[in-house]
Amino acid sequence: MSVIQKARGHFKDQLAGEMKSIEVPEWDTVVYFKPVSTFAQEQKTLELHAKGELVAALVETLIQKAYDKSGKRMFTQGDRDVLMREVDPNISSKYVLQSMQPVVRQLKLWETNRGS
């Protein structure tokens, strides 16, 4: 088996893994998310971040990563304006930051190892 096949198999297993959850009492709901995602899924968020549009990047992350218990997305692109203008940003950003912790830990580990 080639390295690329092994890498694909590993990632496929990660994507098929159990969703994590965050209770959001302010919304009387539980938000589910997968701790991993593809670069294709992250592309729009990364583009917004690179342009300095950090709030839009946070909202995009929420749209891309928030699922209900059955695995259906909680928000659509059509919810963007409501999320930007009519939803408490403290709650939205708290969820996004919690859902991103596995990514942040991995980036810190990568940075530490890269310097070795």
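The values are calculated or read from the model by the stated rules, or taken from the named source; none is laboratory data. The structure presented is a predicted model; accordingly, all values stated were derived computationally and were not measured. Here the Cβ is made from the backbone with ideal geometry for all residues, glycine too, and neighbour counts use every protein chain on show.
Taking Ser70 as the residue in question, decide whether it is among the hydroxyl-bearing types (Ser, Thr, Tyr) and either in a helix (DSSP H, G or I) or surrounded by 13 or more Cβ atoms within 10 Å (Cβ to Cβ) (or both).
Working: among the hydroxyl-bearing types (Ser, Thr, Tyr): yes; either in a helix (DSSP H, G or I) or surrounded by 13 or more Cβ atoms within 10 Å (Cβ to Cβ) (or both): no.
Against the criterion (among the hydroxyl-bearing types (Ser, Thr, Tyr) and either in a helix (DSSP H, G or I) or surrounded by 13 or more Cβ atoms within 10 Å (Cβ to Cβ) (or both)), Ser70 does not qualify.
Taking Arg85 as the residue in question, decide whether it is loosely packed, with under 10 Cβ neighbours inside 10 Å, more than 22 Å from Val30 (Cβ to Cβ) and at pLDDT below 75.
Details: loosely packed, with under 10 Cβ neighbours inside 10 Å: yes; more than 22 Å from Val30 (Cβ to Cβ): yes; at pLDDT below 75: no.
Answer is no for this residue.
Taking the criterion of being in contact (Cβ under 8 Å) with a residue 12 or more places away in the chain and under 17 Å from Ser99 (Cα atoms), would at least one residue in segment 1-13 satisfy it?
Step one: of segment 1-13, the residues in contact (Cβ under 8 Å) with a residue 12 or more places away in the chain are 11.
Subset that is under 17 Å from Ser99 (Cα atoms): none.
No, that holds for no residue.
What pairs come out if I take residues in segment 35-51 that are farther than 20 Å from Gln98 by Cβ and pair them with residues that are at pLDDT 85 or above whose C-beta lies under 6 Å away, six or more apart or interchain?
From residues that are farther than 20 Å from Gln98 by Cβ, the pairs are Lys44/Glu60.
Would you please name the residue that is nearest to Leu58 (Cα to Cα), looking only at residues in segment 88-116 that are modelled with pLDDT of 60 or more, aliphatic (A, V, I, L, M) and under 14 Å from the mean Cα position of the chain (by Cα)?
Val96
Can you name every residue in segment 1-43 that is assigned to a helix (DSSP H, G or I), more than 12 Å from the chain's Cα centre (by Cα), closer than 18 Å to Tyr95 by Cβ and not acidic (Asp, Glu)?
Correct list: Pro25, Trp27.
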